[in-house]
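Working notes for the structure below.
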Amino acid sequence: TLPAQPDEILPVVTVTTKGAPTYVPTGLTTIGEQTTTIPATGLEKFKAPTPKTGETSFTASITSGDKVASGVRVSFDTEGFTDDYAKYKVTVGDQEVKGLTVTDLKAGVGPFTLGQHATARVTLSYDNPAYALKGFGKDATVASVTVKSEKLSPPTITVAPQTVEAGKIVTVTGTGFVPSSPVSLTLHSDPVEVGTAATDDAGSFTAEVTVPAATEAGDHTVVAAAESPAAEASAPLTVTAAPAPTPSADPSTEPSGQPSTEPSTQPSAAPSPSADQGRKGSKGGLARTGSNALIVGACALAVAGVGTAFIRRSRRHKA
């Protein structure tokens, strides 16, 4: 606060820095699932240009440590505040709740979410640009700020199976992440994104991802990361080389110059029906068809002999 007389306007001071300024919080408080109270001595106060109008904002600095804080609520124990001029707003990092009354400030504002290893400034100010330089009043102050997280959880993931062939699928399961937020899945050592997921209302997700076929065999790490609010977890994965492909058999075969079966030198064990029948109707081993031919020939000779005898007898009678 620059010195000045009570009714004077404070001079405007412009500060130029080389590069982005580094924020050093006053009274950094690690929040928990139990209510934590930050006293007035741990708050940053910004005065209005006219000192008698009091402060324009009060700020508390909080962190979630190595966990994700969900359902964070902040309440303000105010003195001398009034709703006569304008509504109020509370910001936690880049999250904002507007249109608040003094009663709302005392009851608690939220919920907010803090990512892993996050540091956020909790700021109370007027919700009206016209009151940006107007103080809350010379008798108005914030005696303390209380903060509580509904859930604190370290983000973790598991990968199943833990050993897999390159080109195969693994299942990644995560818990403790920021609720309803996108998560990117990356395979290290050489970082390559293998998939994305979205957490549910409890900050959990399950996703199936394919290990790239070109992944080298060895020990690797799967990393799941959310950007805003930030959260990250990792799990080991062992990748084995895919088996070498087995050459397929040639579907076309060369025709063989040899017959498929060797000719048998032995007679067939099962005679044909016609030959078998011939043997049954013959005597002396002759085939039945040969016997029929002899009978026909004998009959023909007998007829011829009878005819010759008849002719000779006729000639004798005529003589």
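The values are calculated or read from the model by the stated rules, or taken from the named source; none is laboratory data. Note that this is a predicted model, so its numbers are computed, not measured. Here the Cβ is made from the backbone with ideal geometry for all residues, glycine too, and neighbour counts use every protein chain on show.
Of all the listed residues (113, 103), the sole one being among the hydroxyl-bearing types (Ser, Thr, Tyr), surrounded by 19 or more Cβ atoms within 10 Å (Cβ to Cβ) and in the same structural domain as residue 77 (by TED's automatic domain parsing) is 113.
Regarding region 187-195, can at least one residue be identified that is touching a Phe, Trp or Tyr at 6+ places or on another chain (Cβ under 6 Å) and either touching a residue at least 60 places away in the same chain (Cβ under 8 Å) or of a type in the set (Val, Ile, Thr) (or both)?
The initial filter retains those residues of region 187-195 that are touching a Phe, Trp or Tyr at 6+ places or on another chain (Cβ under 6 Å), namely none.
Taking every residue of region 187-195 in turn, none turns out to be touching a Phe, Trp or Tyr at 6+ places or on another chain (Cβ under 6 Å) and either touching a residue at least 60 places away in the same chain (Cβ under 8 Å) or of a type in the set (Val, Ile, Thr) (or both).
Considering 130, 120, 166, 140, the condition of being under 29 Å from the mean Cα position of the chain (by Cα) and among the hydrophobic types (A, V, I, L, M, F, W, C) is satisfied by 166 alone. Scanning region 196-216 for residues being over 20 Å from residue 238 (Cα atoms), among the small types (Gly, Ala, Ser) and not in a strand (DSSP E or B) gives a total of 3. Of the strands (runs of 3 or more DSSP E) lying entirely inside region 1-113, the ones with 3 or more residues being modelled with pLDDT of 90 or more and out of contact with any helix residue (DSSP H, G or I) (no Cβ under 6 Å at 6 or more places or on another chain) are found at 36-39, 55-63, 68-79, 88-92, 95-100. In region 162-185, the residues that are touching a residue at least 40 places away in the same chain (Cβ under 8 Å) form Cβ pairs under 6 Å with partners that are among the charged types (D, E, K, R) and assigned to a loop (DSSP other than H, G, I, E, B), at six or more places apart or across chains, as follows: 179/201.
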